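Please treat every number below as a calculation from the coordinates, not as lab data. Just so we're clear, the structure is a prediction, and the values are computed from it rather than from any experiment. All Cβ positions, even for glycine, are placed from backbone atoms using ideal geometry, and neighbour counts span all protein chains on display.
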Amino acid sequence: MNRLTEEEYQHFLDEGYVLVRGLLDPELDIQPAVDEYAEVLDRLAHELYDAGEIKSVYDDLGFSDRMIACYRDSGRVLSGHFDCSLPQASTTETSPIWVGPEVFGALRNETLLDVVEDLIGPEVFSNPVQHIRIKPPQDVLPDSRMDPITGTKGGFDAGVTPWHQDNGVVLPEADETNMLTVWWPLTHATLKNGCLKIIPRSHKAGLLHHCRTVSGLAVPDPMLDLGRAFPVPMNPGDVLFLHRRTCHSSLPNVSDEVRISFDIRYNPIGQPTGRDIFPGFVARSRSNPESELRDPKAWARSWYDTRKRLAVENLPHYNRWQENDGVCA
Ligand SMILES: O=C(O)CCC(=O)C(=O)O
Ligand SMILES: [Fe+2]
């Protein structure tokens, strides 16, 4: 074991998660990414202002208030401009994406990879199912994104996340892939601003049926042991490692600040990622260190190339769940 104790490892196996408090150093491991996103927001604010969509560039505001002002004035969902992945449909050559060097640095963070290695072994592939979630207070989300099931303003990318297993989000070819989810906040994640909730031991019941909702894929409540569910408030530096079948969701953001978190995934090299139209990379290989990708530009290029390809080819379906299926009606 690099970083985990035997007890922590056993806890992951038994409960389907392990929460490591204070694993990362907020100044060294998190602030560089926060600064990079502040630059992305600065450029976006100028673009929106030039397009007449916001009343000011709001450069006197801090990140959270500036983001909220841009949401409020523009009435748009802006999360795609920050996300390190492409949209689920209708990708064009100009679909927004942010794949900057500090995001790559986060995916290659050695402290994280030490724990990942403890959990899935020494040959580690960075799975392309990855997001930064800048979740604004839900009252600034456009009304069109009201979720009929949860009654909260949704949109998978910026609102409340319904109960699901990450295994349900990838294609069946990855059902036996040992995919690990790594969730960590860049700001405090609280009960009020929409922290994660998990159901311990839910990883033992196999893959559950997921329904398509406005907010993303959702396991219907009757299939869940909700009595066990608990919220997981976290501080910057804390990291949550989730088994691919552990049921989780997140609360609505009813605060007046944005909640920012990374959710990134890894699997053993050679196993299907479940989304092979997107590019992953070797993050750590003890047997062949030369195969590791260390060049942030090459990584960014792999996403730009994918965007270009998807803008002309149709995106193959990467959702196994049908639109109007009986279980979900
Ligand atoms: O951050 C959220 O609100 C949801 C995250 C999630 O579903 C995940 O990390 O897999
Ligand atoms: Fe998830």
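Output the peptides 237-247, 3-13, 175-185 sorted from most to least packed, where packing is the average of other Cβ atoms within 10 Å over each peptide's residues.
Order by mean packing, descending: 237-247, 175-185, 3-13.
Taking 0.36 nm per residue of sequence separation and subtracting the Cα-Cα distance, how much length would be gained by fully extending the chain between residue 221 and residue 327, in nm to one decimal?
Difference between extended and current length: 37.0 nm.
Taking Cα pairs under 8 Å and at least six residues apart, what relative contact order does the chain come out at, in percent?
Over the chain, the number comes to 26 percent.
Taking the alpha-carbon distance from residue 192 and a cut-off under 19 Å, which lysines remain once sequence neighbours fewer than 8 residues away in the same chain are dropped?
135, 153
Where does each of 70, 195 land when they are ranked from fewest to most other beta-carbon atoms within 10 angstrom?
So the residues, fewest neighbours to most, are 195, 70.
Compute the FRET efficiency between residue 311 and residue 47 as 1/(1 + (r/R0)^6), taking r as their Cβ-Cβ distance and R0 = 25 Å, and round to the nearest 0.05.
0.80
In debye, nearest 20: dipole of the chain around its Cα centre with unit charges on the Cβ of K, R (+) and D, E (-)?
In total the dipole reaches around 700 debye.
So in the chain, which Cys have no other cysteine's beta-carbon sitting under 4.7 angstrom from theirs?
70, 84, 195, 247, each lacking another Cys Cβ under 4.7 Å.
Residue 11 to residue 276: extension gain in nm, 0.36 nm per residue of separation minus the Cα-Cα distance?
Using 0.36 nm per residue and subtracting the Cα-Cα distance, I get 92.3 nm.
Mean separation of Cα pairs under 8 Å and 6+ residues apart, divided by the residue count of segment 141-290: what relative contact order is that in percent?
That works out to 37 percent.
Please list the equivalent ellipsoid semi-axes of the chain, computed as the square roots of five times the alpha-carbon gyration tensor eigenvalues, in descending order and whole angstrom.
Listed largest to smallest, the semi-axes of the chain are 28, 24, 21 Å.
Once you put a point 7 Å from the Cα of residue 27 and another 7 Å from the Cα of residue 2, both along the Cβ direction, what distance in nm separates them?
So the label points at residue 27 and residue 2 sit 2.4 nm apart.
List the relative contact order of segment 36-192 as a percent without decimals, with contacts defined as Cα pairs under 8 Å and 6+ residues apart.
So the answer I get is 18 percent.
What does the highest-first list of 273-280, 93-100, 163-170 look like by mean Cβ count within 10 Å?
The peptides rank, most packed first, as 163-170, 273-280, 93-100.
Suppose only helical runs count, i.e. DSSP H with n ≥ 4. What mean residue ellipticity at 222 nm does that imply for the chain under -39500 (n - 2.57) per run, divided by all residues and rounded to the nearest 500 deg cm²/dmol?
Roughly -7500 deg cm²/dmol at 222 nm, from the helical runs in the chain.
How much length is gained on full extension from residue 72 to residue 111, taking 0.36 nm per residue of separation minus their Cα-Cα distance?
10.3 nm
How would you classify segment 269-315 from its alpha-carbon gyration tensor, with a ≥ b ≥ c the square roots of the eigenvalues: rounded for a/c under 1.5, else prolate if a/b is greater than b/c, otherwise oblate?
In terms of gyration-tensor shape, oblate.
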